[in-house]
Amino acid sequence: MKTSALVELGMDLEARAAEGAKRVAEPRSISQSEDNKTAPAAADPADDRLDHFIEKDGVHCAGAHLIIDLYDAERLDDLNHMETTLRTCVDEAGATLLHIHLHPFEPTGVSGVAVLAESHISVHTWPEAGYAAFDVFMCGDARPEKCVEVLENAFKPGRTEVSELLRGRKVT
């Protein structure tokens, strides 16, 4: 089901692999990362940063915002597993992690966010229902669609639904 959902959104990962190979491997940003607590000196305005507006499907926009719903999923209450998965999403998407905050609920559930130089990944889970809601918004050269496969591998959902919004379409 994951392939058809991605294909319907025009996010066929195999077809985009060649395109992705042309992209820069290491993220560039003037933001400080979680691992690098000091912000770098002011960036040269001529630098091509990853957190920039993009053109996608012929549309000039701030970036792609994926709404990812996982149904009949596993390990949705495992805080360590959630953090590892979010970090893998960030790495696979080529994004820059600034901070992760996860909050466990009693008796079950996790809510949290990975703040990125390129925007964010947020999560809210209902383990008792096997449901997780992820928002993945990234601008620039980051590839948010890479997170879909990471999330599916980590949480083994019975069904995945993905919607895409192109944010900032009206910014000139």
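A short reminder: the numbers here are calculations on the coordinates, not readings from a lab. Every value quoted in this text rests on a predicted model; they were computed, and no experiment measured them. All Cβ positions, even for glycine, are placed from backbone atoms using ideal geometry, and neighbour counts span all protein chains on display.
Looking at (1) without any contact (Cβ under 8 Å) to a residue 60 or more places away in the chain; (2) in a strand (DSSP E or B); (3) out of contact with any Pro (no Cβ under 9 Å at 6 or more places or on another chain), can you tell me which one N80 breaks?
It is condition (2) that N80 fails.
Does the range 128-137 contain at least one residue that is without any contact (Cβ under 8 Å) to a residue 40 or more places away in the chain and either within 30 Å of E55 (Cα to Cα) or surrounded by 16 or more Cβ atoms within 10 Å (Cβ to Cβ) (or both)?
Within the range 128-137 (the criterion being without any contact (Cβ under 8 Å) to a residue 40 or more places away in the chain and either within 30 Å of E55 (Cα to Cα) or surrounded by 16 or more Cβ atoms within 10 Å (Cβ to Cβ) (or both)), the answer is no, since none of the residues qualifies.
Looking at this structure, is T84 among the polar types (S, T, N, Q), touching a Phe, Trp or Tyr at 6+ places or on another chain (Cβ under 8 Å) and within 18 Å of K156 (Cβ to Cβ)? Talk me through it step by step, then tell me what you get.
Working: among the polar types (S, T, N, Q): yes; touching a Phe, Trp or Tyr at 6+ places or on another chain (Cβ under 8 Å): no; within 18 Å of K156 (Cβ to Cβ): yes.
Spelling it out, it is not the case that T84 is among the polar types (S, T, N, Q), touching a Phe, Trp or Tyr at 6+ places or on another chain (Cβ under 8 Å) and within 18 Å of K156 (Cβ to Cβ).
Could you count how many residues in the range 54-112 are loosely packed, with under 13 Cβ neighbours inside 10 Å and of a type in the set (V, I, T)?
2
Only one of (1) outside any strand (DSSP E or B); (2) touching a Cys at 6+ places or on another chain (Cβ under 9 Å) is not met by R75, so which one is it?
In the conditions (1) outside any strand (DSSP E or B); (2) touching a Cys at 6+ places or on another chain (Cβ under 9 Å), R75 misses (2) alone.
Mind listing whichever residues of the range 115-172 are under 30 Å from H60 (Cα atoms) and of a type in the set (D, E)?
Within the range 115-172, E118, D135, D141, E145, E149, E152, E161, E164 meet the criteria.
Restricting attention to the range 142-172, report how many residues are touching a residue at least 24 places away in the same chain (Cβ under 8 Å), part of a helix (DSSP H, G or I) and loosely packed, with under 14 Cβ neighbours inside 10 Å.
Here the count works out to 0.
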